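Contents: one structure, followed by commentary.
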Amino acid sequence: MNLAQLRRMSYDEVAKCNKCGFCLPNCPVYLAEGKESSAPRGRNAITRAVIEGRLEWSPEIEKSIFSCLGCGACTAACFPKVKTKDLVFRDRECLVGEGLYPKIADRVVRFLEEKHNISDDDNQERAEWQEMMGDMPEGALEKERADVIFFVGCVASFFPMAQKIPVNMARILRKAGVDFTVLGGEEWCCGFPLIGTGMPDKMKGLMEHNIKKVEEVGAKSVVFTCPSCYHTWKSLYQLPGVELYHSSQMLHRMVQDGLIKPKEMKVTVTYHDPCDLGRNSGVFQEPRQVLKAIPGLKLVELAHNQMLSMCCGGGGNVEMVNPELSAMVARMKLQEIADTKADMVVSSCQQCLRTIATRARREKQNLVVKDLTELVFEAIE
Ligand code: SF4
Ligand code: SF4
């Protein structure tokens, strides 16, 4: 994207920012770093100054623009509802055009082009987590035709800490009698990481491949345990007639239809809203309803929840570019979780699970972190 395109697409939006600063206490990066250049207001001022020709792109601006988590919490606190996240992501596209971007992004692009996943593994290894199912023949989850495709996503496919998420989701789907398949090595990254790197123009091949697979399988729905895959498909994939669900929505439906019947669990949990599921996709109630359907479970809310929920630190590719900043945000999240005195934190996202659990371990905290799928499977076993 060049400056003229940025001006055309962003100027009216950024001009809505009246510099009031109401967004500041909502921005985890500003809370962590305390700098105006880390704040939504500061980023908007930079965008406007560049568009108006008062400022030139520079490495300092690159640092500011690539340290946004894309969490959208600023917009939730903003009266004119300035879409700072979208402005920041368009700035990134412009910065990429200037060669000003974290060069680690080039590796991600290469992995996606050559291996179709973010971890540079052979894409056939996507099926590795199925070995943890234990109780079924190899390949039993991969069928040529099915009503539902379970799209696993790169993180849950390749990162051992998150692999129990697809294992539990697949067990629940089987138990509920859903006719589903996974794509195994034929699942390609949804393209979401390219949005955060400022290179969404490179997503086309990935999206076309995944859409073709849905058509070949003849699926009526696709379910995602990853909120970012779900959000990306919802907003960018053209699939008329195919329903897209996040796992929490499908679990909610299964509970309502009596396909799964949770048993009693005497436990107090708090729920962390993943940014791409809650604020960015509007799914707040379904995961809570599923938790409330477990008899004996007590749900206590975090101080910042739903629209005002605080990111875990794992968003916007910040973990890749600035791991220390990501860790600072995760520490704030840990404190908020500890303040609830809950027995465990439940979320509905492999990246939140990884970020929160990793930070807790590094801080030597005995925090129990579960994905909703894990808790539900325990409740119906
Ligand atoms: S982004 Fe919204 S809340 Fe923040 S300074 Fe601008 S107008 Fe105020
Ligand atoms: S999207 Fe999140 S990290 Fe980025 S400016 Fe807004 S509140 Fe801050």
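Its convex hull of Cα atoms gives the range 143-223 a direction-averaged projected area, equal to a quarter of the hull surface, of 5.6 nm².
Take each of the peptides 155-168, 49-62, 198-211, average the number of other beta-carbon atoms within 10 Å over its residues, and list them starting from the highest.
155-168, 198-211, 49-62
When its C-alpha radius of gyration is set against 2.2 N^0.38 Å (N residues), the range 261-380 gives a value of 1.02.
Kindly express, to the nearest 10 degrees and within the range 0 to 90, the angle between helix 3-14's C-alpha long axis and the longest C-alpha principal axis of the chain. Value to nearest ten degrees: 80.
Pairs from the table (LYS16/LYS204; LYS83/LYS234; LYS81/LYS298; LYS220/LYS292; LYS204/LYS370) lying more than 22 angstrom apart at Cα are LYS16/LYS204; LYS81/LYS298; LYS220/LYS292; LYS204/LYS370.
Summary of the geometry: the range 72-114 and the range 1-48, compared by the centres of their Cα atoms, lie 12 Å apart. Listing HIS272, HIS116 from fewest to most neighbouring C-beta atoms within 10 Å gives HIS116, HIS272.
For the pair LYS175 and GLU324 in one chain, pulling the backbone fully straight at 0.36 nm per residue adds 49.5 nm over the alpha carbon distance. Charge dipole (Cα centre; +1 on Lys/Arg Cβ, -1 on Asp/Glu Cβ; no other charges) of the range 205-245 amounts to roughly 60 debye.
Modelled spin labels at ASP135 and SER58, positioned 7 Å past Cα toward Cβ, are 6.2 nm from each other. Each 20 Å bin from zero up to the one holding the largest Cα-Cα distance in the chain carries the following percent of pairs: 29, 58, 13, 0.
Between the amide H of LEU297 and those of MET265, VAL267, distances stay under 5 Å, these residues lying 5 or more places away or on another chain, with hydrogens modeled in the peptide plane.
Residue exposure proxy: ASP257, ASP276, ordered by other Cβ atoms within 10 angstrom of their Cβ from fewest to most, comes out as ASP257, ASP276. Simple point charges give the picture: +1 on the Cβ of Lys and Arg, -1 on the Cβ of Asp and Glu, and for the range 3-97 a dipole about the Cα centre of about 260 debye. Across the range 75-83, computed HN-Hα scalar couplings (Karplus, 6.51 cos²θ - 1.76 cosθ + 1.60, θ = phi - 60°) run 5, 5, 9, 9, 4, x, 6, 4, 8 Hz from first to last residue, x flagging Gly and Pro.
Comparing LEU251, CYS275, PRO193 along the charge dipole axis of the range 148-289, the residue lying farthest to the positive side is LEU251, per the Cβ-charge model. Taking a straight Cα-Cα cut-off under 19 Å and skipping sequence neighbours fewer than 8 places away in the same chain, the aspartates and glutamates within cross-link reach of LYS63 are GLU33, GLU36, ASP86, ASP91, GLU93, GLU98, ASP106, GLU319, GLU324.
The Cα trace of the range 64-171 gives Rg and Dmax of 19.0, 55 Å, the first to one decimal, the second as a whole number.
Under a model in which nothing but the beta-carbon of Lys, Arg (+1) and Asp, Glu (-1) is charged, the chain shows a dipole of about 1260 debye around its Cα centre.
The orientation-averaged projection of the convex hull spanning the C-alpha atoms of the range 3-97 amounts to 5.2 square nanometres. Of the GluC sites (Glu not before Pro) found in the range 121-155, the ones in coil according to DSSP and having at most 13 other Cβ atoms within 10 Å of their Cβ are GLU138, GLU144.
Given in Å, the Rg to one decimal and the Dmax to the nearest whole number for the Cα atoms of the range 104-253 are 14.5, 43. Listed by chain and number, the aspartates and glutamates whose alpha-carbon sits under 13 Å from that of LYS266, ignoring those within fewer than 8 places in the same chain, are ASP343, GLU378.
Label sites at LYS364 and GLU114, each approximated as a point 7 angstrom past Cα along Cα to Cβ, lie 4.1 nm apart. The order of ILE195, ILE104, going from fewest to most other C-beta atoms within 10 Å of their C-beta, is ILE104, ILE195.
Axis angle, to the nearest 10 degrees, between helix 227-236 and the longest C-alpha principal axis of the chain: 70 degrees. Against the chain, whose longest principal axis is taken from its Cα atoms, helix 247-256 shows a tilt of about 40°.
Taken together, the values in this text are just the output of simple stated rules run on the coordinates, not laboratory data. Worth saying up front: this structure is predicted, and the values here are computed from it rather than measured. Note that we place each Cβ from the backbone using ideal geometry, even for glycine, and neighbour counts take in every protein chain shown.
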